[in-house]
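Working notes, structure below.
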Amino acid sequence: MSKQPQQADDEIHEDQLLNFLVNSLDEEVALSLAENAELDAEDIYEVLVGACADGTSVSTLCERSEDAPHENSVLYHLRTKFDLETLEQVGNMLLQKDVLDVLPQQVEVCADLHLRPYYGDEDDTDGLYHSQAKRGTTAFHAYATLYARVKNKRYTL
């Protein structure tokens, strides 16, 4: 009885995404650690990606995870080996890198506008969005979220 080759499903699984992100960071961010270091660059990237995905801190993730390196080791390397400006540029580049290949030529873009009322000093409203009175104020912090709609699925941009 021959086995049918297993077809890939349309979903991205957590371990695949973690692997992709860690490999992308490893390719783009040069991180040199001493030969006697307790951990390697991939360990640090896994903690960073995991903390971002969980919406938690590096310390919390390291404390809760049995196989994570010690938080002090990770935090030490983050403080001494990373230039935040360069890391931000690399992160933005990685986010944009494959977008054009993944999206079809034209996509429908949707926007959600979120208004948070501002109740502070009336003299400090520069940069705030002004609109009809709502919840006792006409000044708001405005946030927009953009989505690309592809095959009736919504992707946050």
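Of the residues making up the range 23-30, one or more are modelled with pLDDT of 80 or more, at negative phi, part of a loop (DSSP other than H, G, I, E, B) and touching a helix residue (DSSP H, G or I) at 6+ places or on another chain (Cβ under 8 Å).
Here the condition is being of a type in the set (Gly, Ala, Ser), crowded, with 16+ Cβ neighbours inside 10 Å and modelled with pLDDT of 90 or more; of ALA68, ALA51, it holds for ALA68 alone.
Looking across the range 112-157, the residues that are under 24 Å from LEU94 (Cα atoms) and surrounded by 13 or more Cβ atoms within 10 Å (Cβ to Cβ) come down to TYR147, ALA148, VAL150, TYR155, LEU157.
Can you say whether VAL109 is under 30 Å from HIS141 (Cβ atoms), of a type in the set (Val, Ile, Thr) and either modelled with pLDDT of 85 or more or loosely packed, with under 11 Cβ neighbours inside 10 Å (or both), as far as the supplied structure shows? Against the criterion (under 30 Å from HIS141 (Cβ atoms), of a type in the set (Val, Ile, Thr) and either modelled with pLDDT of 85 or more or loosely packed, with under 11 Cβ neighbours inside 10 Å (or both)), VAL109 qualifies. Within the range 74-95, the set of residues being out of contact with any Leu (no Cβ under 6 Å at 6 or more places or on another chain) and under 13 Å from ALA37 (Cβ atoms) comprises VAL74, TYR76, HIS77, THR80.
Do we have any residue at all in the range 105-116 that's in contact (Cβ under 8 Å) with a residue 24 or more places away in the chain and within 22 Å of GLU28 (Cβ to Cβ)? Spell out how you get there, then give the answer.
Keep residues of the range 105-116 that are in contact (Cβ under 8 Å) with a residue 24 or more places away in the chain, which gives 107-116.
Keeping just the survivors that are within 22 Å of GLU28 (Cβ to Cβ) gives none.
The answer is no, given that none of the residues of the range 105-116 is in contact (Cβ under 8 Å) with a residue 24 or more places away in the chain and within 22 Å of GLU28 (Cβ to Cβ).
The rows are residues; the columns are (1) over 30 Å from ARG149 (Cα atoms); (2) in contact with a Ser or Thr (Cβ under 7 Å, 6 or more places away or on another chain); (3) among the acidic types (Asp, Glu); (4) assigned by TED's automatic domain parsing to the domain that holds ALA139.
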site	(1), (2), (3), (4)
GLU63	yes, no, yes, no
VAL74	yes, no, no, no
GLN89	no, no, no, no
TYR119	yes, yes, no, yes
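Quick grid of which residues meet (1) out of contact with any helix residue (DSSP H, G or I) (no Cβ under 6 Å at 6 or more places or on another chain); (2) in a strand (DSSP E or B); (3) not acidic (Asp, Glu):
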site	(1), (2), (3)
GLN105	yes, no, yes
ARG116	yes, yes, yes
ASP123	yes, no, no
ALA133	yes, yes, yes
THR138	yes, yes, yes
ALA144	yes, yes, yes
TYR147	yes, yes, yes
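In summary, GLU46 fulfils each of the numbered conditions (1) touching a residue at least 12 places away in the same chain (Cβ under 8 Å); (2) among the charged types (D, E, K, R); (3) in the same structural domain as TYR143 (by TED's automatic domain parsing) with the single exception of condition (3). Flag: VAL150 does not match the condition of being under 26 Å from GLU28 (Cβ atoms) and in contact (Cβ under 8 Å) with a residue 60 or more places away in the chain.
The values are calculated or read from the model by the stated rules, or taken from the named source; none is laboratory data. Keep in mind that this is a model prediction, so the values were computed, not measured. Positions of Cβ are generated from backbone atoms using ideal geometry, with glycine treated the same way; all protein chains shown enter the neighbour counts.
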